[in-house]
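Notes to accompany the following structure.
The values are calculated or read from the model by the stated rules, or taken from the named source; none is laboratory data. From a predicted model like this one, the values you see are computed outputs, not experimental measurements. No Cβ is skipped: glycine too gets one built from the backbone with ideal geometry, and neighbour counts run over all protein chains shown. Ligands, DNA and RNA are stripped out before the accessible areas are found, and what is left, the full protein with its side chains, is counted by its heavy atoms. Shrake-Rupley method; radii C 1.70, N 1.55, O 1.52, S 1.80 Å.
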Amino acid sequence: MPSTTKPSDRRPTLSRSAPAWPQVVDVGREICGDLWLSERREWLVTNGIGGFASGTVAGSLTRRYHGLLIAALKPPLGRTLLVSKLEETVEYQEQIVQLSTNHWHSGTVAPAGFVFLERFRLEGTTPVWTFAIGDALVEKRIWMEPGENTTYVQYAFTRGSLPIRLNLRAFINHRDYHGITLDTLHEFSTTAIPHGLQILPAEGSPFILSASGGSVEAANMWYHNYDLPLERERGLPDREHHLHIGTWNIDLKPGEVITWMASTRLKPSRPAASCFELRRRHDMALLQSEPTVKQSPQGWPDWIQQLTLAADQFIASRPLATHDAGHTIIAGYHWFGDWGRDTMISLPGLTLTTRRVDIARSILSTFAQYANQGMLPNRFPDAGEEPEYNTVDATLWYVEAVRQYVDATDDRTFLKTIFPVLVEMLAWYRKGTRFGIGMDPADHLLHAGEPGVQLTWMDAKIGDWVVTPRVGKPVEINALWYQAWLTLGQLARTMKEPHEEFLQTAKAIHTSFQRFWDERLHRCYDVVDGPHGHDPAPRPNQLFAVSLPNSPLTYKQQHAVVDYCAQHLYTSYGLRSLGQEDPQYVGQYEGDTRQRDGAYHQGTVWGWLLGPFVLAHFRVYRNPEAARSYLAPMAHHLNDYGLGTLGEIFDGQPPYAPRGCIAQAWTVAEILRAWHLIHTSTNKHRTENHTPQK
């Protein structure tokens, strides 16, 4: 066929000296050719400022959160769906083949392009599709430019005996990423730019769509009733409309490449080819800053390298009022923003195990600026309102994150700056702050809670119903409380400051912590001194009294806690939030919002708890192989649900189906941290045992 253009954008070749990508996610037709299997596997790319692109291997939209450009217009929040998808058609050897896949609300699947999908893999964090049309192979890649609301979609004609014509139809929207477009259809105008269109919504900022070659023709037609089956599972509106805004036609010869882009930057910062190289170098640098490049004698598994890449997807910039560049952690994709508790729990695993200490320091400094009455924000609302402070443990996890940072870096300059902040935080907690948070002078334990407010990580609330209020003195809060005072004492001693008061307070907490021990059940109460006395609910929170560096329990008690959790709460992908023997146990996370939130902490399995469990197990048994074996199923989970990352929650009943977010920061972080700590400890032990004696 005659060529209308001569694309010149060539895909860069990989450097021979560059390390190979982890070989973790790579599937063929056995997955790609099955619609159910390829739709339940989702990909994610991010831009480091809160924006992302995501979809299914099959190419169909199954959630409201799927799209090619969900831009963070007020980084790291203000996330807005701008570009929904591209519909691709290839003309080759007199065949016209549609590569895209769509579900329609009528039940029809058309087109069904997934049947031409021969292979799907991840190159770092970049998803790659390989379509086979006769003897022709077309590769598709999607990535985002770090620091920009810009998504690139690249098509490489890697094999064929004749040229192809590639037809791309772009579909757009303009709505909050939690929303859905049904009755109110937005109005847009377009202006031609070289090889593309500038889109101007009736309300909102403009954005551009362009290609590195080919011809473009504007369009303006709404397509109605895309079906969203995963929204239906969640009891939410399950259909949506998207607007066809333009069509690109590109002719390619074998070996040629074309790149299409969507961006809120009206003038691209650099050519598409250099942006691909920038993303590739960004991912490579993550692996090169990680110990995997040094390859210890035992080797580092590919799945740990893949998790190192996944860790970066949660780190985002958060501009500060002082105009300084701060950092934060996105709690999970697709629907979470940055949460104080999640950020502090995740920080060590996402930044310290990956040797990104500058990012760790920036996050700690950023959140210190939001400290208020001793508390850190629970979350920053998506719409940009004032931070919400309903959390008792974000402050305590902050102290623990500072401890781990100082241990990893010996950064005395930062310690000198941050130490007064820590002291003020615990002073507020000791004398009392919001929501009934304060130290009981009778036993030095920390109490928290008041009616209608959820303060611990078990924070589901539906209307006025707090599902797990845990008012009183929760066990993990007081394990953290004990550790926090010890940490202040240790840091003060490091700085040659008075430390005795801190250690004396810790000692008093240690003595009173025995109040949590239930000799009859041979485990800890979940809460003591609650409105109805002590709460013996069989929950995993007692694990933190073993997994934190300093345990307030006896060795025998630690052993009993680990054994109870192993026998009653452990599953392949994490720990149940409530034991099956409890009458409130719910084994399936499903249904509408009320049903799901009612099950959220009442039996649902949480992946992040696997990290503390493994470290607690290693502490009492000192068996690294046994401890690591509990992590093994997570290596397989990288090939399911959120590809190359780890999900949020799972059903409490076998086969422990994944639910909730496809990518959760603290799950990735705690699995990474547990693996690294055990590996480091084991290698240190081997080194000490093989050191020649003088």
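Extents of segment 68-222, taken as max minus min of Cα coordinates on every principal axis and listed largest first, are 47, 37, 31 Å.
Between GLN369 and GLU94, what FRET efficiency follows from the Cβ-Cβ distance if R0 is 51 Å, with the result rounded to 0.05?
On the way: r = 64 Å, r/R0 = 1.25.
It comes out at approximately 0.20.
Principal-axis analysis of the Cα atoms of the chain puts helix 302-312 at an angle of about 90° to the longest axis.
Separation of segment 357-385 from segment 443-480 is 21 Å, based on Cα centroids.
For the chain, what is the calculated [θ] at 222 nm in deg cm²/dmol (nearest 500), taking -39500 (n - 2.57) for each run of four or more DSSP H residues and dividing by its residue count? It lands at -9000 deg cm²/dmol. Charge dipole (Cα centre; +1 on Lys/Arg Cβ, -1 on Asp/Glu Cβ; no other charges) of the chain amounts to roughly 1780 debye. Within the accessible area of segment 422-561, the carbon and sulfur atoms contribute 54%, probe 1.4 Å, all protein chains present. Sorting 53-61, 404-412 by their mean Cβ neighbour count within 10 Å, with the most densely packed peptide first, gives 53-61, 404-412. The long axis of helix 555-568 is offset from the longest Cα principal axis of the chain by roughly 40 degrees. The amide H of GLY326, built 1.01 Å from its N in the peptide plane, has ARG318, LEU320 as neighbours under 5 Å, considering only residues 5 or more places off or on other chains. Expressed as a whole percent, the accessible surface of segment 34-122 that belongs to carbon and sulfur atoms is 52, based on a 1.4 Å probe.
Would you give the gap between the C-alpha center of segment 388-421 and the C-alpha center of segment 188-256, rounded to a whole Å? Computed from Cα coordinates, the inter-centre distance equals 45 Å.
With the simple spin-label model, which puts each label point 7 Å out from Cα in the Cβ direction, the GLU30 to ASP411 separation comes to 4.6 nm. Of ILE31, ILE96, the order by accessible heavy-atom surface (1.4 Å probe, DNA, RNA and ligands excluded), from most exposed downward, is ILE96, ILE31. Between GLU118 and ALA321, the contour length at 0.36 nm per residue exceeds the alpha carbon distance by 68.1 nm. Out of every Cα pair in segment 145-244, what percent are spaced more than 16 Å from each other? Roughly 68 percent, rounded to a whole number.
Contact order, relative form, for segment 105-221: 11 percent (alpha carbon pairs under 8 Å, 6 or more residues apart, mean separation divided by residue count).
Taking one quarter of the surface of the convex hull spanned by the alpha-carbon atoms of segment 149-189 gives a direction-averaged projected area of 5.4 nm².
Could you do me a favour and compute the accessible area per residue for the chain, 1.4 Å probe, result in Å²?
Spelled out: the 1.4 Å probe surface of the chain, per residue, equals 37 Å².
Once C-alpha pairs closer than 8 Å and six or more residues apart are averaged by separation and normalised to the residue number of the chain, the relative contact order reads 11 percent. Against the main long axis of the alpha-carbon atoms of the chain, helix 500-512 sits at an angle near 90°.
Rounded to the nearest 0.05, the FRET efficiency derived from the C-beta distance between GLN288 and GLU625 at R0 = 30 Å is 0.55. Most tightly packed first, judged by the mean number of other beta-carbon atoms within 10 Å of their residues, the peptides 609-620, 450-461, 469-480 read 469-480, 609-620, 450-461. Legend: calculated FRET efficiency, LYS267 to ARG520, from the Cβ-Cβ distance at R0 = 56 Å, rounded to 0.05, equals 0.20. Stretching ASN390 away from ASN683 to a fully extended chain increases their span by 101.4 nm, per 0.36 nm per residue minus the current alpha-carbon distance.
Across segment 606-615, computed HN-Hα scalar couplings (Karplus, 6.51 cos²θ - 1.76 cosθ + 1.60, θ = phi - 60°) run 10, x, 5, 5, 5, x, x, 4, 5, 5 Hz from first to last residue, x flagging Gly and Pro.
Could you sort 486-497, 300-311 so that the peptide with the highest average Cβ count within 10 Å comes first and the rest follow in order?
300-311, 486-497
Taking a straight Cα-Cα cut-off under 14 Å and skipping sequence neighbours fewer than 8 places away in the same chain, the aspartates and glutamates within cross-link reach of LYS507 are ASP443.
Measuring against 20 Å, Cα to Cα, the residue pairs LYS431/LYS473; LYS140/LYS267; LYS416/LYS473 contain LYS140/LYS267; LYS416/LYS473 as the ones spanning a longer distance.
Placing one equal scatterer on every Cα of segment 331-475 and applying the Debye formula, the log10 ratio I(q)/I(0) at q = 0.14 Å⁻¹ is -0.70.
Taking Cβ atoms as reference points and 12 Å as the exclusive limit, the residues near VAL605 contribute a net charge of 0, counting Lys and Arg as +1 and Asp and Glu as -1.
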